[in-house]
Amino acid sequence: MKHDMDQLLNSALSSREEPDDRLNQRIMRKFQEKENENMSKKNQKIRIPAAALLAVIVLAAGSASAYAAWKYLTPGQVAESAQDQGLAAAFQSEDALTVNEVQEYGGYRITLLGIVSGKNLSEYLPEDDAGNVSGDRTYVVTAIENADGTKRPDTSSDDYGKDPFFVSPLIEGLNPAQHNIVTMGGSYFEMVEDGVQYRLAECDNVEKFADRRVYLGVNDGTFYNNEAFQYNESSGGISRNDSYQGVNALFVLPLDESKADREAAEEYLKNLQSEEKTPETQEDAQEGALVRTASEESSKWNLADFNEKAALVKEMQISPDEEGNYNYEYTIEEDGTYSSGKVYQDLLTDRDEEGLLKSRSVFGAEDSAYVETYTLNEDRTLTLRTYKYK
């Protein structure tokens, strides 16, 4: 019997044929589902049946990146950490793609874990300025590590955010400097677990462009870096700049070409171009620059810094709701400047010795920039202070 098993393993591991992509996806998805079940059983020893072990060995023989599933959180687990059960379920669906491709540049190891696209997948859908909900979205999860094996700083650490990353889908035929996650209604959630930094990025659904090459670019810095990548205006192709010394990982997203919609893509691009042609006023440009500056500087401030470098315009106490989260809405200025939002209880652990949360909100109104801060009190209430950036 042992001889037969050895022969089977040797045959599987020596095969030159790679397993079918669909088989890979099914095995990886089953593994993810099992991992989610086992998250609540961390103190128990989990026995893997020999047949399951053989399946993983055969899979690893055809795809070296398959091992990543054992090492990292799954995209669904990252979505659960963002308290988005709807998106977590979407990452477990048949439409989700598990990738686990690894690239290493500039002293960092970047892993594209998975992607899912569709309508109304998340419990938290963005609204435009007119209040219209944008439900057709693409969600991508990546893992970022230090290549030397040291741990990434936790979100509560003072070192967190000192080496930022820009993660964005990029589309063949469209200048990436003009068409990236910023212009495609993007946002992201970020967390650090066991020294690995996870980024859950979202933007308008890119599946409509599936008949062309769609990339995921990751570069160091806060915004898209023209020096990190090269755009060929003739062919429309996007490639890495091999002479760039920093981070410039570039993945090709394995989208289903049958989901391409040229009419929808053309309409989408017309809307983007229409927005680009709308002349930006000098006031708009100044407001954007002011908000960026306020965000960068205030991210490192403590309460003393805020009191010294900004003007307090609002202070209020907020009590937690039944789920332990903090909801608020209020008028900032007499001119009607308004703010509302929610602070999730998961953010409470990331605070300094004075109780000031690392998380804060920065936004602009006319020629001003405001920074909302949140301080946890001993009675579990939250003090919201709104400062005008000077």
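Out of LEU170, LEU174, one residue alone is closer than 18 Å to ASP256 by Cα and either more than 14 Å from the chain's Cα centre (by Cα) or in a strand (DSSP E or B) (or both). It is LEU170.
With respect to (1) over 16 Å from ILE181 (Cα atoms); (2) surrounded by fewer than 16 Cβ atoms within 10 Å (Cβ to Cβ); (3) at pLDDT 95 or above, the lone exception for VAL247 is condition (2). Annotation note: of VAL167, VAL252, VAL218, VAL182, the sole residue that is closer than 27 Å to LEU347 by Cβ and surrounded by fewer than 21 Cβ atoms within 10 Å (Cβ to Cβ) is VAL182.
Does ALA210 satisfy being in contact (Cβ under 8 Å) with a residue 24 or more places away in the chain, within 18 Å of ARG262 (Cα to Cα) and in the same structural domain as GLN230 (by TED's automatic domain parsing)? Taking the combined requirement at face value, the residue satisfies it. For region 114-146, residues that are more than 17 Å from the chain's Cα centre (by Cα) and either assigned to a strand (DSSP E or B) or modelled with pLDDT of 95 or more (or both) total 4. Looking at GLU323, GLU296, GLU372, GLU353, just one residue is under 25 Å from VAL192 (Cβ atoms), of a type in the set (Asp, Glu) and crowded, with 16+ Cβ neighbours inside 10 Å, and that residue is GLU372. Residues in region 191-208 that are assigned to a strand (DSSP E or B) and touching a strand residue (DSSP E or B) at 6+ places or on another chain (Cβ under 9 Å): MET191, VAL192, VAL196, GLN197, TYR198, ARG199, LEU200, ALA201, GLU202, CYS203, ASP204. Within region 103-130, being touching a helix residue (DSSP H, G or I) at 6+ places or on another chain (Cβ under 6 Å) and of a type outside the set (S, T, N, Q) holds for LEU113, GLY114, VAL116, LEU121, GLU123. Say we look at region 73-97 and pick out the residues that are touching a residue at least 24 places away in the same chain (Cβ under 8 Å) and among the hydroxyl-bearing types (Ser, Thr, Tyr); which of these is surrounded by the most Cβ atoms within 10 Å (Cβ to Cβ)? Taking the candidates together, the pick is THR74. Filtered by the rule that a residue be in contact (Cβ under 8 Å) with a residue 12 or more places away in the chain and farther than 16 Å from ALA143 by Cα, region 234-251 gives GLY236, GLY237, ILE238, ARG240, ASN241, TYR244, GLN245, GLY246. Checking each residue of region 375-385 against the condition of being at pLDDT 85 or above, loosely packed, with under 12 Cβ neighbours inside 10 Å and not acidic (Asp, Glu) gives at least one match. So in region 139-164, with the set limited to residues that are among the basic types (Lys, Arg) and surrounded by fewer than 18 Cβ atoms within 10 Å (Cβ to Cβ), which one is farthest from VAL116 (Cα to Cα)? Once the filter is applied, the top-ranked residue is LYS162.
The values are calculated or read from the model by the stated rules, or taken from the named source; none is laboratory data. All figures in this text were calculated on a predicted structure; none of them were measured in a lab. Because the Cβ atoms are built from the backbone with ideal geometry, glycine has one as well, and the counts that use them run over all protein chains shown.
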